[in-house]
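Trainee: Okay, handing you the structure first.
The values are calculated or read from the model by the stated rules, or taken from the named source; none is laboratory data. Keep in mind that what you see is a predicted model, and the values were worked out from it rather than measured. Here Cβ is always computed from backbone atoms with ideal geometry, including for glycine, and neighbour counts include all displayed protein chains. Ligands, DNA and RNA are stripped out before the accessible areas are found, and what is left, the full protein with its side chains, is counted by its heavy atoms. Shrake-Rupley method; radii C 1.70, N 1.55, O 1.52, S 1.80 Å.
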Amino acid sequence: MKSFMIQGAKILATGSAVPNSSLSNNQISNIVNTSDEWIFTRTGIKERRVLTGINQSVVDLGILASMDALKKISMDPSEIDLIILATSSPNDLFGSASQIQCKIGATNAVAFDLTAACSGFVLGIVTASQFLQNGSYRNILVIGADVLSKWIDWSDRSTCILFGDAAGAAIVQRCSNQNNSILNFQLNTDGKYSEHLSIAYKNYTSPHSKLNLYQGYFNYVAMNGKEVYKFAVSQVPLSILKCLSSLDMSVNDVDWLLLHQANERILKAVADKLSINKSKIIANLSKYGNTSAASIPLALDEAVQDDKILDSQIVVIAGFGAGLTWGTVVIRW
Ligand code: ACO
């Protein structure tokens, strides 16, 4: 029987996957008017990975990242109770999580998609921790995966330089209250600015000839880079400070700052505003670009594999992006 007492939640394992095919700044400068120098100085990005196979989708990357995480702790997929797939680029608008559930053999898991763009993984971890802390489930697989290369206008130099494809996963498990490692969260949405970053649905200009109803299609990614930049640099530090203060913590307690990997200048500006030493920033966007919902779990997995993050260290994770949605989770590793 389920117990509805507040319990703890901890991240047991992480995993990640990127496509084999890389696309450098120089290669992009062959298709739009840009340069490696411009892209690197404005964003910190050198290259990104793109999914090129005709039948490949976010599901393929999600499966690889999930299996990587499961393998690290020798967990049988049938032990997973819930799968949350944070993505904005599903291969089925009804949801892609169930395809991952089936293909990894997570026969006992409920699975659903969660859409919150680049904040998706943060929202996913927070959602998972609710199910764990109230005792509903024991093991939850949270996947952040996106293949925005499929939604980019490759003739638009203001967006095509930024994004890459990837998936990251975390297995989160219920634990005793004393071992709780997802300490607190702080989440926000401001739909007033949704037009600053969108993959908008558009109607065809004429309605159906007999039914008088409109059908349509989805546009490419449209972004007001300057506004998104200003929003991230002003709002993300406030979210982090609110979350730390709810835990009676200060910036001095932070061992690692893991932000959504959108732009190296944003990472540095947020650290500056918080007076957090830049050596505490986890960054890998030079190799992968902005991988949307995958960026945080991909960087987390890499930092764990590199033995950067040590037991009991405080990791501040913050996501931000379309919606606009942003938020923070503070984790004791
Ligand atoms: N190469 C060369 N020149 C370029 C390029 C390019 N790829 N793109 C724009 N330019 C030009 C512009 O046309 C402009 O020229 P002008 O001055 O003659 O008009 C000039 O460079 C400056 O353009 P800005 O847009 O002002 O450049 P900025 O310094 O703001 O950098 C950037 C653009 C990198 C996009 C930046 O604004 C940024 O990173 N914003 C945040 C974006 C972001 O994080 N988005 C993802 C959020 S996560 C999610 O939810 C998916």
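Trainee: Using the structure shown, list the pairs from Lys202/Lys287; Lys202/Lys268; Lys242/Lys268 with a Cα-Cα distance above 31 Å, or answer none.
Mentor: Details: Lys202/Lys287 33 Å; Lys202/Lys268 36 Å; Lys242/Lys268 19 Å.
Result: Lys202/Lys287; Lys202/Lys268 exceed 31 Å.
Trainee: Also, I was wondering about something else. Work out how much length Asn212 to Lys308 would gain on full extension: take 0.36 nm times their residue separation and subtract the Cα-Cα distance, in nm to one decimal.
Mentor: Details: separation 96, 0.36 × 96 = 34.56 nm, distance 5.92 nm.
Result: 28.6 nm gained on full extension.
Trainee: What is the distance in Å between the Cα centres of segment 256-288 and segment 148-224?
Mentor: Segment 256-288 and segment 148-224 have Cα centres spaced 22 Å from each other.
Trainee: On to the next question. Students often check this: by mean Cβ neighbours within 10 Å, which of 209-218, 302-311, 289-298, 134-143 ranks highest, and how do the rest follow?
Mentor: My ranking of the peptides, most packed first, is 289-298, 134-143, 302-311, 209-218.
Trainee: Can you list which of the DSSP-assigned H helices in the chain have a Cα extent of 24 Å or more along the long axis and an average Kyte-Doolittle score of at least 0.0? Write out the running numbers ahead of the final one.
Mentor: Values: long enough: 225-246 (31 Å, 0.47).
Span-like helices, by this rule, are 225-246.
Trainee: Something else now. Student exercise: in segment 2-174, how many lysine pairs 8 or more apart or on different chains have Cα atoms under 27 Å apart?
Mentor: Values: Lys2/Lys10; Lys10/Lys71; Lys10/Lys72; Lys10/Lys103; Lys46/Lys150; Lys71/Lys103; Lys72/Lys103; Lys103/Lys150.
Taking segment 2-174 as the scope, the lysine pair count is 8.
Trainee: Considering only the chain, what is the antiparallel percent among its DSSP beta bridges, to the nearest 5? Please list the in-between numbers first.
Mentor: Numbers: 41 of 57 bridges.
Rounded to the nearest five, the antiparallel share is 70 percent.
Trainee: What figure, in Å² to the nearest 10, do you get for the accessible area of Arg265 with a 1.4 Å probe and non-protein molecules left out?
Mentor: 100
Trainee: Using the charge dipole of segment 181-332 (Lys, Arg: +1 at Cβ; Asp, Glu: -1 at Cβ; taken about the Cα centre), state which of Ser312, Ala322, Ser275 has its Cα farthest towards the positive end.
Mentor: Ala322
Trainee: In whole percent, what relative contact order does segment 229-320 give with Cα contacts below 8 Å and a gap of six or more residues? Before the final figure, lay out the partial values.
Mentor: Values: 110 pairs, mean separation 36.4, N = 92.
Reported as a whole number, the value is 40 percent.
Trainee: Using Cα pairs under 8 angstrom and six or more residues apart, how large is the relative contact order of segment 1-149, in percent? Spell out each step's value before the answer.
Mentor: Values: 247 pairs, mean separation 45.2, N = 149.
That works out to 30 percent.
Trainee: Accessible area of Thr52, 1.4 Å probe, to the nearest 10 Å²?
Mentor: Answer for Thr52: close to 100 Å² accessible.
Trainee: If you take every residue apart from Lys278 with its C-beta less than 10 Å away from the C-beta of Lys278, what net charge results, scoring Lys and Arg +1 and Asp and Glu -1? Could you put the intermediate results ahead of the total?
Mentor: Numbers: positive: Lys268, Lys280; negative: Asp272.
Net charge in that neighbourhood comes out at +1.
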